[in-house]
Every structure is written in structure tokens, then in C-alpha cells.
Amino acid sequence: MREWVDFAEIKRRIPLERVLRSYGVDWLRRSGVDQYRGRCPIHRGQGKEAFHANLKRGIFHCFACGAGGNVLDFVAAMEGSSIREAALRLQDYGAGSNTSAVPVTTGWRESKLVTKKIRINPPLDFALELDRRHPYLARRGIAGATADHFGVGYCGHGLMRGRIAIPIHDDTGQLVAYCGRAVDGDEPRYRFPAGFQKSQVLFHYDRARVAGGDQVIVVEGFFDCMRIYQAGFCCVVALMGARLSPAQKALLAVRFRRVLLLLDGDSTGRAATSQIARDLAGACSVTPLLLPPGVQPDQMGAEEIRLFVAGEERRLTIEAN
Ligand SMILES: [Zn+2]
């Protein structure tokens, strides 16, 4: 019979800081209230600042190798083991008094743990040539400079032929996919490449994370994201749907303190807003911005967006006082 392990209890009880220490990770430098960064102990490759950890929330993320998660994920990555094995290893940790180190067996390993994993959403080895001044973009209210920033444009050939191709980058900034938006009512409206896992990425995250500030606006779709960016909010990401995956949650929590949720003003958007706000609570401070029924960010003008966000922030400040 398999031994029972309570993953949630282990995550609650065992601080990431102690686990890091027990692996000899003593070189992280403080970069925020509870945030630390430094060389990644998992892939140990390039990127002196690649590994980010939030000790209060007990989560980490490496912007070079893509490893990330909680204490269990950390031990699993270091040991090259499953999450369950990591949990068993951590289970007795801290149960007795003054346990100073996690009972790890191997410590540093020379093997390349990360490359052993099958890489989800591997980088593309090509880039499409696109027409960034196609009339469809103007019809959707996307200015030339915005199309240039996002790299979107009309594709004349290949799999995305006859569609607006939207490049998607992972958190490290690598191009991992193109999504094709139909321009003439073709189905599906959005075509993702086979095998692409959108739950593992947040659209525009690679740019938002370096935009400075600790607040991010989260929207549903690509065009919402482009419109919000165009209204002057660089720190915006899209879920590519109305659900927040665990990987997306970790990406948000490791980098941002405050999330402004700006989903569509329809019933799906409303339900998703409550669900995501509940899910993110404890990881980030979440502020739902509720659009009037039937309104979506991609239908709003830049001035309208600015007024709405400013108005909502004012309202929330008044409510908080
Ligand atoms: Zn790494």
C-alpha cells in the first residue's frame, strides 16, 4: 500500500527558506520585501538574477530554465524525483525539535535535471513574416506601434495563412507559438498549434515582468491585452481564456504583489473573476475591476480604459478607508 502524504500540510508547514538553506543556497539577494533573487540552484546555468523566490509565499521561479513552484517542486527538481517522492522526503522535516536540515540524500547533483524533463512549449526555430499594417488590425483598433510591439500581423502563407498571427512568448521571452485569429468569420476563431499548452504561459508576461512596478492588469484575450497596453498600461497580461492555471498563478505570484482583474463584463467573465480572485487570494492582493454588462476591454477606447481604471481605483480607495 502506498504511504499517505499530505501535500498541502507539507507546503504549509515547511518554509522555503529552510529548504533552500539545506541545499546550501545562501547566495540569494533581497530584491523586495519578501523577494530574493540570484543564480538558479536547479539549472545552475547562466543568469545571475534568473532565480526568483518569494519566501513569504513559499514559491520560486527561474526565468532561465522555467522551473518553478513551491517547496515540493523545488525538492523534486533538485532531486530529479517526483512530487510524491519529494513530499515523502520532506514529511518528517520539522516534526521533531530543532531539525536544522531537510533530510536530502544527494545534495548537489551534476546531472542536468532540467534537460531530462520533456520541455513544454519548446522555442520555435522560425519566425513568420507578417503584414503589421493589415486593415483588420486597424478595424480592431490596434495602432501600428502596438502591432509592432506585439509583433502581430497578417499571415499570407503556411498554417496560419489568411489569419492574423499573434506571437506568444514564454516567461523567458522565447517565441513558443503563434496563434492565428480568423479575419473573415472562419472557424475556429483562434487557432493554436497542436501540442501547445496555453496553461503554461501568460501572454505578454515576458514584457510585463520587466516593465517595472509590482501591479499587473490581467485580461482574458489577446486583443484586450493589446488595447490595455495601448491605453498606456504596459504591465498587462492575458490568460488566453477565462481560467487561471496553477502555472499562471505561480507566474503572477512570484513577480507581482497586486493583480487588477479586468475580465469581460459577461456572465463567463463575472464567474471567472470570482473564481480567480478566490484562487489568487493569499498569493497576491487581488482587485476585481467590474466592467458593465456586455462590455469587453477590446471594445473600449484608450481614454475610456484610462478613465475606467482610474475611477475603479478611486472607488476602491474610498471603500477601503
Ligand atoms: Zn533555473
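The values are calculated or read from the model by the stated rules, or taken from the named source; none is laboratory data. Predicted model, so just to flag it, every value in this text is computed and none were measured. FYI the Cβ positions are ideal-geometry reconstructions off the backbone, even for glycines, and counts take in every protein chain you see.
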query = Can you name the helices (runs of 4 or more DSSP H) wholly within region 1-89 that have at least 1 residues being within 16 Å of the ligand (Cβ to nearest atom), buried (at least 21 other Cβ atoms within 10 Å of the Cβ) and of a type in the set (A, V, I, L, M, F, W, C)?
reply = 16-22, 71-79
ask   = For V295, are the conditions met, namely being assigned to a strand (DSSP E or B) and in contact (Cβ under 8 Å) with a residue 12 or more places away in the chain?
value = no
ask   = Within region 215-229, is there a residue that is more than 22 Å from E303 (Cα to Cα), in contact with a strand residue (DSSP E or B) (Cβ under 9 Å, 6 or more places away or on another chain) and of a type outside the set (D, E, K, R)?
value = no
ask   = Pick from R270, R278: which is touching a Leu at 6+ places or on another chain (Cβ under 8 Å), farther than 26 Å from Q174 by Cα and part of a helix (DSSP H, G or I)?
value = R270
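Yes/no matrix, rows are residues, columns are (1) of a type in the set (V, I, T); (2) over 30 Å from G32 (Cα atoms):
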{"position": "I168", "(1), (2)": "yes, no"}
{"position": "G185", "(1), (2)": "no, yes"}
{"position": "F192", "(1), (2)": "no, yes"}
{"position": "S199", "(1), (2)": "no, no"}
{"position": "D206", "(1), (2)": "no, no"}
{"position": "Q215", "(1), (2)": "no, no"}
{"position": "V219", "(1), (2)": "yes, no"}
{"position": "Y229", "(1), (2)": "no, no"}
inquiry  = Looking only at region 40-52, filter to residues that are of a type outside the set (K, R) and out of contact with any helix residue (DSSP H, G or I) (no Cβ under 6 Å at 6 or more places or on another chain); which one of those is nearest to I83 (Cα to Cα)?
reply    = P41
key: Number of the condition not met by V259 [criteria: (1) within 14 Å of the chain's Cα centre (by Cα); (2) farther than 27 Å from I142 by Cα; (3) in a strand (DSSP E or B)]   = (2)
query = Right, A127: at pLDDT 85 or above, within 21 Å of H61 (Cα to Cα) and away from the ligand (no atom under 16 Å from the Cβ) or not?
reply = no
